[in-house]
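Reading through the structure tokens given below for one structure.
The values are calculated or read from the model by the stated rules, or taken from the named source; none is laboratory data. Quick caveat, the model's predicted, so the values are computed rather than measured. Cβ placement follows ideal geometry from the backbone for every residue including glycine, while neighbour counts extend to all protein chains displayed. Protein only, heavy atoms only, side chains kept; ligands, DNA and RNA dropped before computing areas. Shrake-Rupley method; radii C 1.70, N 1.55, O 1.52, S 1.80 Å.
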Amino acid sequence: MIHPRRIAGLPGLAVRGLVGLVYPPSCIACGAATAVPHALCAGCWSGMRFIERPYCERLGIPFSVDLGSPGLLSPAALADPPVYQRARAVARYDATARRLVQRLKYEDRLDLAGALGAMMTRAGAELMAEADVAVPVPLWRWRLWRRRFNQAALLARASTRGRGVPVAPELLARVRRTRQQVGLSRAARAENLQGAFRVPEAARPRLHGKRVLLVDDVLTTGATANAAARALLRGGAAAVDVLVFARVVSDGRDVV
């Protein structure tokens, strides 16, 4: 067994090599062996359904065919425009993406935030270029106490690292406890979140006139993003864009 003092005296590259022998890199989704740490194996990578253009410029949902015209909006965006201006996501909320989110949230795999955040950085590059500040969707205080961390805050910090966009969780507060959204209809989700968010009075001067990048892990119906964006706009924000790791896409209804 190598004494810790000897490990401390080794060069950084040697230490990483030694750690790699003891803890070989594994897939962040399924645990299979990988060539590099904090990565997906070939199987999980191929299982990720990444969202790339062409997609609705407002909702960020992919079109099934390339219509050849940039800046198109989906029927869903035209029929029911969101409160926020634009939404972007790394991938569809399918098996692999769901597994990654669940490992981060429920298995205390806080180390996954860096890998997921790096993918979000690429997916949200155009939004970050215009953002003045990033705000994670807040948790209700008792849920935060039980979980001990807010996954949206971790993703906000990881995705904006090195981009010059400050993260300011104090600009938005969750002021009302809500029921779990799972299993609720679109209308019930929206009703459940009415009045759930508020910009603290002391934060309003810092928010005034700012373009906000609202960050969360998953976008489902958009009810949470709409409620949070509405509170930010009422609190003085000039505009709100949304960046998430994954979003639900209903192929039969939301895409062309």
Legend entry - Computed E for residue 177/residue 202 - FRET, C-beta separation, R0 30 angstrom, nearest 0.05: 0.85
Legend entry - Pair residue 143, residue 35: separation of 7 Å Cα→Cβ label points (nm): 4.0 nm
Legend entry - Rule-of-thumb Rg ratio for the range 107-175 [Cα; 2.2 N^0.38 Å; N residues]: 1.13
Legend entry - Residue-level accessible surface for residue 201, protein heavy atoms, 1.4 Å, Å²: 140 Å²
Legend entry - Dimensionless Rg ratio for the range 54-113, taking C-alpha atoms and the 2.2 N^0.38 Å reference: 1.44
Inset, instruction - Select from the range 96-132 those trypsin sites (Lys or Arg not before Pro) which occupy a DSSP coil region and have at most 16 other Cβ atoms within 10 Å, ordered by residue number. - result: 109
Legend entry - Surrounding net charge for residue 238, when Lys and Arg each add one and Asp and Glu each subtract one, Cβ distance under 15 Å: +4
Inset, instruction - For the range 24-157, just say rounded, prolate or oblate: build the C-alpha gyration tensor, square-root its eigenvalues into a ≥ b ≥ c, call rounded for a/c under 1.5, and beyond that prolate if a/b exceeds b/c, oblate if not. - result: oblate
